[in-house]
Amino acid sequence: MMPEKRWPASEKDDILRKAFYNLRLRGITSDWANSPAPFTQLLNECQELMKLADFSQSVEEYLRARSVLRRSVEMFFTYISMSARADWTDVSPSIRPVTARGWFLGRWLPTFLIIDGAIGRFINSSDSPLSQNNAQKSLALDSACEFLRNKEFKALRNGFAHWGFDWEVVGKESYVVAYNWENDLPIVKLHQKEADAFHIITFSIIEILNDTMINPKPR
């Protein structure tokens, strides 16, 4: 199940560019991050890879051996589609702040957690076709995989996985803070826009891998 609204690639490029802009101070400055069309570039690379017989066969063999990957991605989009339906403005003004936080957290949680699941293994494990591809240069795909290994992103993901996070409001700005359970200290603090940027970029990576490799759509 996919989210109902299907944005054109040009609009997705705009959304991704803004997300990367919001992470520029975090040192995420790859050529892909600076691309004028990051969504289209990654989509095209993945489509070209799937035209390679050996690569597409290795992907199909991987998916046959790990059917949970397709299942987990379908559940991911199901969860996201329901979270995105919520309208935090359709409540009493007195509870809008906490409802808005819940709307963001509802979108972020599955995105951050799935990276340590089947999709993360597809991206990073040594037996994945993505790790074994030597047939074609894939600069955007390599950068996308590296993005998901970002130290601060992984720290944020761990905070969500262990339910060790908090929402802080400083003046008019909002931040999400992840904590280390062992020493009770914060391990990463991100502005709301930065955390949402991690979500947006990760969602785009998963969407493209799903549409081109995991559950490929006819072209």
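The values are calculated or read from the model by the stated rules, or taken from the named source; none is laboratory data. Bear in mind that the values here come from a model prediction, so they are computed numbers and not experimental data. A quick note on method: Cβ atoms are made from the backbone with ideal geometry, for glycine too, and the neighbour counts reach across all protein chains shown.
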**Prompt:** If you go through segment 168-184, how many residues are in contact with a strand residue (DSSP E or B) (Cβ under 7 Å, 6 or more places away or on another chain) and more than 18 Å from PHE153 (Cβ to Cβ)?
**Reply:** 3
**Request:** Report the residue count in segment 7-64 for those that are of a type in the set (A, V, I, L, M, F, W, C) and touching a Lys or Arg at 6+ places or on another chain (Cβ under 7 Å).
**Result:** 2
**Item:** PHE39, sole failed condition from (1) at pLDDT 95 or above; (2) more than 16 Å from the chain's Cα centre (by Cα)
**Value:** (2)
**Request:** Determine which single condition SER126 fails, assuming it passes every other condition in (1) modelled with pLDDT of 90 or more; (2) farther than 22 Å from ASP13 by Cα.
**Result:** (1)
**Request:** Pick out the one residue from ALA9, ALA86, ALA53, ALA100 that is of a type in the set (A, V, I, L, M), in contact with a Leu (Cβ under 7 Å, 6 or more places away or on another chain) and at pLDDT below 95.
**Result:** ALA9
**Fill in**
Scanning segment 142-196 for residues that are closer than 13 Å to LEU105 by Cβ and among the β-branched types (Val, Ile, Thr), the one nearest to the chain's Cα centre (by Cα) turns out to be VAL176
**Prompt:** Can you find even one residue in segment 206-219 that is free of Cβ contacts under 8 Å to residues at least 40 places away in the same chain, under 21 Å from SER81 (Cβ atoms) and more than 16 Å from the chain's Cα centre (by Cα)?
**Reply:** yes
**Residue check for TRP108: of a type in the set (Phe, Trp, Tyr) and under 26 Å from GLU11 (Cβ atoms)** = yes
**Complete:** Residue count, segment 57-69, condition farther than 22 Å from HIS199 by Cβ, touching a residue at least 60 places away in the same chain (Cβ under 8 Å) and under 23 Å from the mean Cα position of the chain (by Cα), comes to 3
**Item:** helices (runs of 4 or more DSSP H) fully within segment 1-78 counting 2 or more residues that are among the basic types (Lys, Arg) and surrounded by 15 or more Cβ atoms within 10 Å (Cβ to Cβ)
**Value:** 9-21
**Asked** Considering only helices (runs of 4 or more DSSP H) fully contained in segment 130-219, which possess at least 1 residues that are among the β-branched types (Val, Ile, Thr) and within 26 Å of LEU25 (Cα to Cα)?
**Response** 192-209
